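Step one of this worksheet: look at the structure below.
The values are calculated or read from the model by the stated rules, or taken from the named source; none is laboratory data. In this text the structure is predicted, and so the values were computed from the model without any measurement. So basically every Cβ, Gly included, is an ideal-geometry build from the backbone, and we count neighbours across all protein chains shown.
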Amino acid sequence: MKKKLSKNKNLNKRQKRKSNKEETIFKNIEKTTASPIKQLNVSKSSGIPKYVADRMARRIFFTAGIPTLMGMSVFVVSYFIVTRNIAEIPPSSTIAISALFFLLGLAGLSFGILSASWDKEPGSFFGIENIPLNIQRAKSAFKPASQNFEEKK
């Protein structure tokens, strides 16, 4: 009996030591992972500010979302027109009209991103004056990557 109790006591002591070691190891890991992140001086200007992203999302919703929904609704409307014998619509015209709406949505996606103002103030309603400036910003974002690329001969 005494041997069993002593073994149990030893096991409990070992488990406590392991748990203490694990706690200190995890604390050290947390310290080492947290310290480099705190040491990095990441500027908040690298990236799109939240107010600009929200402005882009609103513009994209109207300029891309509405035409895309209309492109999907063309199929439903043409189905009802054909099944109720209101008119005879060829499938190619349904697809063509739907494709036009989807292309309009694609153009609206680009317009919504490029026309958003990066100022704190919202800017004009259409934002056409912001397009050249935002195109320059997009080009400058890709410049460092293209300067590091060298063609091998």
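Among all residues of region 106-126, there is at least one that is modelled with pLDDT under 90, loosely packed, with under 10 Cβ neighbours inside 10 Å, of a type outside the set (Phe, Trp, Tyr) and within 26 Å of the chain's Cα centre (by Cα).
So, restricting to helices (runs of 4 or more DSSP H) that lie completely within region 52-153, which ones have at least 3 residues that are of a type in the set (D, E, K, R) and out of contact with any helix residue (DSSP H, G or I) (no Cβ under 9 Å at 6 or more places or on another chain)? So that I can check it myself, show each step before the final result.
Details: elements: 66-83, 91-114, 131-148.
Here the list reads 131-148.
Pull up region 67-91, narrow it to residues that are surrounded by 14 or more Cβ atoms within 10 Å (Cβ to Cβ) and of a type in the set (Ser, Thr, Tyr), then point me to the one that is farthest from the chain's Cα centre (by Cα). Only one residue fits best here, namely Ser78.
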